[in-house]
Amino acid sequence: MNDLSPSQFDGHRGDGDTSVRDPQRIPIIRTAKLVFPDAEYPCVLRDISGSALRVKLYGAPIEEGAAGFHLEFGDGDRFEVSAIWVKDDQAGLAFAKHNDLMSLIGEHGPFRKRAIRIAVELPSSVKSLGRRLDVHIRDLSHEGAQILSEAMFSMDQQVRIDIPRLGEVYAKVRWRQHPSYGLAFVETFRFDQIAAVASDLQALSREWRKDGGSGPRPDDMAA
């Protein structure tokens, strides 16, 4: 087996010889998320080797040998994985069932080129047309967010939404299925900006759920 090990991602064979790289190590940059029963965390695929892949982590609480969680891509493809090794912000993952790792290069699932959405449960507020309205954030990406609201919004209506750890963000309503609404940010974030705060947002979500929806207001949680 030619799994990615920490020595391989350092670029050598582990015997001090840095002149020979693993010929089967294939670089890849593809955004994804790690899905646990109670939280989701962004990650980035960096390499494929043999039957394993290396990912960059953003605060995901993974330990070596952890199993039963999933790797999910923006196009909808989802795979059960386990952690072969963990070192700093890197991890080597293996699939629970055999898969063609080369199929991970490119997007093939039902939702092509969709941004990675991180599921959250966060209270927030939206300002629009001189009103401030309470809403509930259900998921978040670097391009937009899904909210629940008792108030009605029209298509393309511009709003300002308070997002914990990110502050006030301008957005437009891109789809609606009351009480759910999809917001597109007027100025998008970088993927790594959302990834950097994802761990904090998941912690806030857990507190909100634990308190039965009576946790702190968005102003109390803002950075």
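Annotations
- All positions within the stretch 37-74 that are within 13 Å of the chain's Cα centre (by Cα) and in a loop (DSSP other than H, G, I, E, B): TYR58, GLY59, ALA60, GLY74
- Checked against the criterion of being closer than 25 Å to ARG138 by Cβ and of a type in the set (A, V, I, L, M), the candidates LEU53, LEU71 yield just one match: LEU71.
- Beta carbons closer than 6 Å, at least 6 apart along the sequence or on distinct chains, pair a first residue in the stretch 54-81 that is free of Cβ contacts under 8 Å to residues at least 24 places away in the same chain with a second that is part of a loop (DSSP other than H, G, I, E, B) for GLU80/ALA96.
- Some residue of the stretch 54-70 being of a type in the set (Asp, Glu), modelled with pLDDT of 90 or more, over 22 Å from PHE191 (Cα atoms) and surrounded by 12 or more Cβ atoms within 10 Å (Cβ to Cβ): yes
- Any hit, the stretch 16-38, residues being touching an Asp or Glu at 6+ places or on another chain (Cβ under 9 Å), crowded, with 19+ Cβ neighbours inside 10 Å and either at pLDDT below 70 or among the acidic types (Asp, Glu) (or both): no
- Residue among GLY144, GLY92 that alone is surrounded by 20 or more Cβ atoms within 10 Å (Cβ to Cβ), at pLDDT 85 or above and touching a Pro at 6+ places or on another chain (Cβ under 9 Å): GLY92
- Close pairs (7 angstrom Cβ cut-off, 6 or more residues apart or separate chains): of a type outside the set (D, E, K, R) in the stretch 90-103, at pLDDT below 65 anywhere: GLN90/PHE9; GLY92/ASP3; GLY92/LEU4; GLY92/SER5; ALA94/ASP3
- Some residue of the stretch 180-196 being more than 28 Å from CYS43 (Cβ to Cβ) and either modelled with pLDDT of 95 or more or outside the structural domain of VAL44 (by TED's automatic domain parsing) (or both): no
- Taken over the stretch 151-167, the criterion of being free of Cβ contacts under 8 Å to residues at least 40 places away in the same chain and out of contact with any Ser or Thr (no Cβ under 8 Å at 6 or more places or on another chain) is satisfied by ALA151, MET152, SER154, MET155, ASP156.
- Test: PRO42 is modelled with pLDDT of 50 or more and surrounded by fewer than 11 Cβ atoms within 10 Å (Cβ to Cβ): no
The values are calculated or read from the model by the stated rules, or taken from the named source; none is laboratory data. It should be emphasised that the depicted structure is a prediction, and the values quoted were computed from it without experimental measurement. Using ideal geometry, Cβ is built from the backbone for each residue, glycine included, and neighbour counts are taken over all protein chains shown.
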